[in-house]
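Undergrad: Please read through the structure below; I'll follow up with questions.
The values are calculated or read from the model by the stated rules, or taken from the named source; none is laboratory data. None of these values were measured; they are calculated from a predicted model. For neighbour counting, all protein chains shown are included, and Cβ atoms are generated from backbone atoms with ideal geometry for every residue, glycine included. In case anyone asks, the SASA skips ligands and DNA or RNA and just uses the protein heavy atoms, side chains included. Shrake-Rupley method; radii C 1.70, N 1.55, O 1.52, S 1.80 Å.
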Amino acid sequence: MAGLRALLVLLAAALMLAGAVQGDEDRPRLLGAPVPVSENDEGLQQALHFAMAEYNRASNDMYSSRVVRVISARRQIVAGIKYTMEVEIGRTTCTKPATDLKSCAFHDAPQLAKYTTCEFTVYSIPWLNEIKLLKSSCQ
């Protein structure tokens, strides 16, 4: 088990070094600095799915919410991977607990439609199958 952890730490260090070497020529990339991440990144999608599940669980709204759009997303390699996302979320027509939010439409009626901008920070250690929501802030 200790050998596996050491191997994973070495692999993470090698990936960070490769990312730093491959950085833009105009500006050097700092090791461990947050970097923009594509909206289609698998790790980001898992972090966003987790953040929305936690948001809906904590919300006392009778309707589930889901992401309308990703405004920005960054990834930072620390002792795991920290994702910071700014997203716009909207209230769906599905009441809680909804199982498949992708098929839930957003409310059209002005009295039920609700759109909010949220910032989520999710810390993930994929090789240990650990994930937690560090920050959830909505306006």
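Undergrad: Would you please name the residue that is nearest to the chain's Cα centre (by Cα), looking only at residues in the stretch 94-136 that are open to solvent by less than 50 Å² (accessible area, probe 1.4 Å) and among the polar types (S, T, N, Q)?
TA: Thr121
Here is a yes/no grid of residues against (1) within 17 Å of Leu44 (Cβ to Cβ); (2) outside any strand (DSSP E or B):
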{"site": "Arg66", "(1), (2)": "yes, no"}
{"site": "Val70", "(1), (2)": "yes, no"}
{"site": "Met85", "(1), (2)": "yes, no"}
{"site": "Thr93", "(1), (2)": "no, no"}
{"site": "Lys102", "(1), (2)": "yes, yes"}
{"site": "Ala113", "(1), (2)": "no, yes"}
{"site": "Leu134", "(1), (2)": "yes, no"}
{"site": "Ser137", "(1), (2)": "no, no"}
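Undergrad: OK, next. Going by the structure shown, is Arg91 at negative phi and touching a His at 6+ places or on another chain (Cβ under 6 Å)? Explain how you work it out, then say what you get.
TA: On the way: at negative phi: yes; touching a His at 6+ places or on another chain (Cβ under 6 Å): yes.
Yes; evaluated as a whole, the condition is true for this residue.
Undergrad: Which of the numbered conditions does Ser59 fail, given that it passes all the others? Conditions: (1) at pLDDT 95 or above; (2) open to solvent by less than 100 Å² (accessible area, probe 1.4 Å).
TA: Result: Ser59 passes all but (1).
Undergrad: Given (1) modelled with pLDDT under 95; (2) basic (Lys, Arg); (3) surrounded by 15 or more Cβ atoms within 10 Å (Cβ to Cβ), identify the lone condition not met by Arg74.
TA: Of (1) modelled with pLDDT under 95; (2) basic (Lys, Arg); (3) surrounded by 15 or more Cβ atoms within 10 Å (Cβ to Cβ), only one is false for Arg74: (1).
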